[in-house]
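Here's the structure, in structure tokens; my notes come after.
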Amino acid sequence: MQELKQNFKFYAITYGCRVNQYETQSIREWWLSLGGEETEDPCEADVILVDSCAVTAEAVADARQMARKLGRLNPKARIFAAGCAASAAPQDFAALEGVAAVIPQVQKFVLLQGHPLEMRDFSTAGGEEGAARVFAPFRISAFKRARPVIKVQDGCSQGCAYCIIPLTRGPSRSRPVDDIVAEAQRLLESGHREILLSGVNLRQFHAGSGDGKNFWALLRRLDAELAPRWAGRARFRLSSLDPAQVTGAMGTECLETLEACRMLCPQLHLSLQSGSPTVLARMGRSPYSPESIAEAVAKMRAFWPVMGLGADILMGFPGESEEETEETLAMLRALPMTYAHVFPYSERPGTRAASMPQLPKKVRQEHAARVRELIARKKTAFLREQLALPSMLAAFDSADARHGNNEFFVDCRMEEGFGPFPGHELIKVEPLRIDRNMLIVRPAR
């Protein structure tokens, strides 16, 4: 083992969600602790990790093509094909040259249990079913990017008709709160100043069985323990939220928590998917109305007069009519959207929606294009509003990088002639102009 510790290099590539980025970082830290050296050249690597995504057919194809390419570039490397695509299409990866193991998503943590050049047994106690019932022991102490991710929840028990994630990541399970707080403290101590709290379905976060400690209680705990030292110097950002977390029974608690938290960015990302009640019903989504979302956002703007608002939008779902498409467009016109991730629907094997009558691909793309055009106009309008602000706090990607984000999740680029800046500190900047959907900024005077 000692010789192996001193003589292996690894290369890692990650597809898909922020949770995948987190898990890759945890594996990276484990391999580094064994004496491994990360390389940016896959041809130099003894071990290659392809951490894959399965949210769309294109995501699976991208990871498969990369694994094939890496096997041809470096036939001597041990390639681990892991993640959701490895769960959804294991046979596709197993047939590729150089793939030493295909590791389903719920068993990915086996890569934390041994030396990558020695591992031969990739089984876990209880198999995939057993692994899907526990919160896997991933942890991190640093991050390659300026904004580290903390994974607080995994899996999903909702079972939306279009979504393959419950089949690849299993049912919902939550991380112990003490572990989350400790990891946030480690990342702040290591110099990071913006942390993303992420999970597959944050609405299903629960600190313990039946104790009522949901995601909003977690956020209050983090703020109570960390804000006395870090408020004004560091901040949290939230990954995608279920609309039911900001409306209905959870809405009051949500608003009270957002207003009270001293370390939270004034920006939210909602998993809206559609603005049509009939499409949402076919999707099997949590019920919400465009009116309830608009009301919640209006209340947020009472304490966040300027806020970033993003969304996930899925267009071209089976049966989506022109009237239903217009309902989504009407909702988005009424909301103060500042950006969105818009996807045309993609059939996922094993999901209920895959057996529904499908719209032609061209129609799905056309529906998505109309939403993207609307969002682009709203994003431009928000950028112009940003120019009127006297200052903002930006987090840049590294000590000498020129690109980053402000608290409203607007892309920023530092004007030529300024910097570098110390570590990952939040820098008070003032906006100068807009260039290619980005704010050009300089340090505030």
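The values are calculated or read from the model by the stated rules, or taken from the named source; none is laboratory data. Bear in mind that the values here come from a model prediction, so they are computed numbers and not experimental data. We place every Cβ from the backbone using ideal geometry, glycine too, and count neighbours over all the protein chains shown.
Within the option set 268, 314, being closer than 24 Å to residue 158 by Cα, touching a residue at least 40 places away in the same chain (Cβ under 8 Å), out of contact with any Leu (no Cβ under 8 Å at 6 or more places or on another chain) and among the hydrophobic types (A, V, I, L, M, F, W, C) holds for one residue only, 314. Within segment 388-419, being at positive phi, surrounded by fewer than 18 Cβ atoms within 10 Å (Cβ to Cβ) and modelled with pLDDT of 85 or more holds for one residue alone: 417. In this structure, does residue 336 turn out to be farther than 29 Å from residue 411 by Cα and not assigned by TED's automatic domain parsing to the domain that holds residue 406? Judged against the criteria, residue 336 is not a match.
Out of all the residues in segment 315-330, is one or more surrounded by fewer than 15 Cβ atoms within 10 Å (Cβ to Cβ) and outside any helix (DSSP H, G or I)? Checked against the condition, which is being surrounded by fewer than 15 Cβ atoms within 10 Å (Cβ to Cβ) and outside any helix (DSSP H, G or I), segment 315-330 yields at least one hit.
Here is the figure for segment 395-434: residues that are in a loop (DSSP other than H, G, I, E, B), among the acidic types (Asp, Glu) and in contact with a strand residue (DSSP E or B) (Cβ under 7 Å, 6 or more places away or on another chain) total 3. Of the candidates 333, 285, 301, the single residue that is under 22 Å from residue 199 (Cα atoms) and basic (Lys, Arg) is 285. Counting only helices (runs of 4 or more DSSP H) that sit completely within segment 175-270, those holding 2 or more residues that are farther than 30 Å from residue 340 by Cβ and out of contact with any helix residue (DSSP H, G or I) (no Cβ under 6 Å at 6 or more places or on another chain) correspond to 177-189, 215-230.
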